[in-house]
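Student: Supplied in structure tokens, the structure appears directly below.
The values are calculated or read from the model by the stated rules, or taken from the named source; none is laboratory data. None of the values given here were measured: they were computed from a predicted structure. Neighbour counts are summed over all protein chains in view; Cβ atoms, including those assigned to glycine, are modelled from backbone coordinates with ideal geometry. The protein model used for the area step is the full one, side chains on, heavy atoms only, and it has no ligands, DNA or RNA in it. Shrake-Rupley method; radii C 1.70, N 1.55, O 1.52, S 1.80 Å.
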Amino acid sequence: MSDDCLFCNIAAGDIPADKVYEDEQVVVFNDINPKARVHLLVIPRIHLASLEDLKPEHDELTAHMMRLLPKLAREQGLEKGFRTVINTGKGGGQVVFHLHIHLLGGPDLRIF
Ligand code: AMP
């Protein structure tokens, strides 16, 4: 855990968040500033700043996060589909430097 990391503190329960799922490896909560009717953030409990930090030792965690996404989407009522976004680095629009997957969906989702 990184003490000054917002999402580490959310994962630890030290900063409140609207959590919808958690297990030994990940925590999932509603984005505080949703860009669609459903906007979840899926984060690993361990501190990884971005995709750049992923190593082979994280393969099981990575697969776990990927396979969790459709399950979460179904639970949110997104039967027609959903969008995932991972911003990486300042140039990619990343603001919080703890790896997170945006899961977005709903009728207001614009196709691009
Ligand atoms: P990114 O630009 O990919 O780093 O996205 C960071 C996301 O974190 C943004 O969509 C923010 O709205 C969201 N966010 C920031 N602080 C919080 C918080 N305390 N609880 C939930 N979501 C947050």
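Student: Angle check, please: helix 59-75 long axis (alpha carbons) against the longest principal axis of the chain (alpha carbons), in degrees 0 to 90, nearest 10.
Tutor: It is inclined by approximately 30 degrees.
Student: Okay, moving on. Please give the contour-minus-distance gain from residue 3 to residue 37: 0.36 nm per residue of separation, less the Cα-Cα distance, rounded to one decimal in nm.
Tutor: 9.1 nm
Student: Lys/Arg Cβ at +1, Asp/Glu Cβ at -1, dipole of the chain taken about the Cα centre: which of 26, 54, 92 is farthest positive-ward?
Tutor: Highest projection toward the positive end goes to 92.
Student: Let's test the formula: R0 of 25 Å, r as the Cβ-Cβ distance of residue 88 and residue 22. What FRET efficiency results, to the nearest 0.05?
Tutor: Approximately 0.60, to the nearest 0.05.
Student: A follow-up question, please. How would the range 1-59 be classified by its alpha-carbon gyration tensor: rounded, prolate or oblate, with rounded meaning a/c under 1.5 and the a/b versus b/c comparison settling the rest?
Tutor: Since a/c reaches 1.5 and a/b is larger than b/c, the shape of the range 1-59 is classed as prolate.
Student: Which number do you get for Rg(Cα) / (2.2 N^0.38 Å) in the chain?
Tutor: Cα-based Rg divided by the globular estimate yields 1.03.
Student: A follow-up question, please. Would you calculate a helix-derived [θ] at 222 nm for the chain, using -39,500 (n - 2.57) for each DSSP H run of n ≥ 4 and dividing by the full residue count, to the nearest 500?
Tutor: Rounded to the nearest 500, it is -6500 deg cm²/dmol.
Student: Can you give me the accessible area per residue for the chain, using a 1.4 Å probe, in Å²?
Tutor: Spelled out: the 1.4 Å probe surface of the chain, per residue, equals 61 Å².
Student: Continuing with the same structure: Among the lysines, select those whose C-alpha is under 27 Å from the C-alpha of residue 80, and discard any that sit fewer than 8 residues away in the same chain.
Tutor: Leaving aside lysines fewer than 8 places away in the same chain, those within reach of residue 80 are 19, 35, 71.
Student: What do you get for trypsin sites (Lys or Arg not before Pro) in the range 1-76 restricted to DSSP loop and a cutoff of at most 15 other Cβ within 10 Å of the site's Cβ?
Tutor: Sites meeting the loop and neighbour criteria: 35, 37.
Student: Multiply the residue separation of residue 14 and residue 30 by 0.36 nm, subtract the distance between their alpha-carbon atoms, and state the gained length in nm to one decimal.
Tutor: 4.1 nm
Student: At 7 Å along Cα-to-Cβ for each site, give me the label-to-label distance between residue 79 and residue 52 in nm.
Tutor: Going from the residue 79 label point to the residue 52 one covers 4.3 nm.
Student: A follow-up question, please. Would you mind working out the magnitude of the charge dipole of the chain relative to its Cα centre, with +1 at each Lys and Arg C-beta and -1 at each Asp and Glu C-beta, to the nearest 20 Debye?
Tutor: 640 debye
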